[in-house]
2 protein chains.
Amino acid sequence: MKVYLGADHNGFEYKNDLAKALRQAGHEVIDEGDEALDPNDDYPQFAGKVASALLAANDPEARGILVCGSGQGMCIAANRFKGIRAALCWNQAEARAARNDDDCNVLCLSSRYTSLDEAGSIMATFLSTPFAAAPRFTRRIEQLDDLSS
Amino acid sequence: MKVYLGADHNGFEYKNDLAKALRQAGHEVIDEGDEALDPNDDYPQFAGKVASALLAANDPEARGILVCGSGQGMCIAANRFKGIRAALCWNQAEARAARNDDDCNVLCLSSRYTSLDEAGSIMATFLSTPFAAAPRFTRRIEQLDDLSS
């Protein structure tokens, strides 16, 4: 599975640890930065890079993972993009629901409030759970991209 | 404080309980539905209503609260709107960060994985925490609305 990763300074080391675990599990990791620990970097840049790369890849099996301190900024930023469904998950039940019900293609994580151990199991659940594709789920997902301000 | 509420069938009773607590705390509640328990209703409709009403109100003190089973669908839907910053929060620390760092104006809650007791304290923290308005926070928020697919 292709996994696009992004993080700001608050998620920098965390992202590198996730990348290692993902590669060990046999996934192809594309690291969209940040490339170095820069306290002045801005999370929207990395959310934008991961969202754009994922949309350009046009691969229904590919996923994105975004990390910042609370996970909130990344989740807002990624969900600005039509076609991106980003889920900030703090447990495996949420990761399962995000995939099963909403076909989410981006997982957001909080480096501050979710331990790396928890992140490992949340990530594994997110990457292995298929979308249930029930008509009611598909109908709601289609409505998402009709919304705009 | 004006609080716009919305929920699908999975958050219907939960939303009504939150409305009661908000009114008891002296807030003005605007209930954007669903108006009855309808298992066929779709969360994007209520996210759209709350986001649109909040943007139209143009009141920096007003907030939105959205509930669905996992909270994920509501969070994706609301964040499709520029000017909306929706945060799915599962504890008070996340609610504090969402307000302090990201000036979030919509709180999303999971009726399935967050108890009403927990929701009460998360909501209170979300509604009472001011935005820190540090230049780096403001810069990142401005970048959010420059993003699009």
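The values are calculated or read from the model by the stated rules, or taken from the named source; none is laboratory data. Just so you know, these numbers come straight off a predicted model, no measurement behind them. No Cβ is skipped: glycine too gets one built from the backbone with ideal geometry, and neighbour counts run over all protein chains shown.
Looking at the stretch A:138-149 only, could you name the residues that are surrounded by 16 or more Cβ atoms within 10 Å (Cβ to Cβ) and either assigned to a helix (DSSP H, G or I) or at pLDDT 95 or above (or both)? Once the filter is applied, which keeps residues that are surrounded by 16 or more Cβ atoms within 10 Å (Cβ to Cβ) and either assigned to a helix (DSSP H, G or I) or at pLDDT 95 or above (or both), the stretch A:138-149 yields A:140, A:141, A:143, A:144. Suppose we keep only residues that are farther than 12 Å from residue A:107 by Cβ and surrounded by 15 or more Cβ atoms within 10 Å (Cβ to Cβ) within the stretch A:126-137. Which one would you say is nearest to the other protein chains (Cβ to nearest Cβ)? By that ranking, first place goes to A:137.
Tell me the residue from A:89, A:104 that is under 20 Å from residue B:74 (Cα atoms) and free of Cβ contacts under 8 Å to residues at least 24 places away in the same chain, please. Matching residue, one of A:89, A:104: A:104.
Under the condition of being touching a helix residue (DSSP H, G or I) at 6+ places or on another chain (Cβ under 7 Å) and of a type outside the set (A, V, I, L, M, F, W, C), which residue from the stretch A:131-149 is farthest from residue A:58 (Cα to Cα)?
A:149
The condition of being free of Cβ contacts under 8 Å to residues at least 60 places away in the same chain, of a type outside the set (A, V, I, L, M) and closer than 23 Å to residue B:97 by Cα holds for only one of A:6, A:26, A:71, that being A:71.
Looking only at the stretch B:113-125, decide whether some residue is crowded, with 17+ Cβ neighbours inside 10 Å, farther than 24 Å from residue A:104 by Cβ and among the polar types (S, T, N, Q). Yes - at least one qualifying residue is present in the stretch B:113-125. Among residues that are part of a helix (DSSP H, G or I), more than 10 Å from chain A (Cβ to nearest Cβ) and either over 21 Å from residue B:21 (Cβ atoms) or polar (S, T, N, Q) (or both), residue B:119 is not included. Residues of the stretch A:29-44 that are under 14 Å from the mean Cα position of the chain (by Cα) and either among the charged types (D, E, K, R) or facing chain B (nearest Cβ under 10 Å) (or both): A:31, A:32, A:43, A:44.
For the stretch A:47-63, the set of residues classified as in contact with a Gly (Cβ under 7 Å, 6 or more places away or on another chain) and away from chain B (no Cβ under 11 Å) consists of A:50 only. What number of residues within the stretch B:1-49 are in contact with a strand residue (DSSP E or B) (Cβ under 6 Å, 6 or more places away or on another chain), more than 23 Å from residue A:138 (Cβ to Cβ) and hydrophobic (A, V, I, L, M, F, W, C)? Matching residues across the stretch B:1-49 total 6.
Looking across the stretch A:57-86, the residues that are buried (at least 24 other Cβ atoms within 10 Å of the Cβ) and polar (S, T, N, Q) come down to A:70, A:72, A:79.
Restricting the stretch A:87-109 to residues that are facing chain B (nearest Cβ under 7 Å) and either part of a strand (DSSP E or B) or at pLDDT below 95 (or both), the residue that is surrounded by the fewest Cβ atoms within 10 Å (Cβ to Cβ) is A:87.
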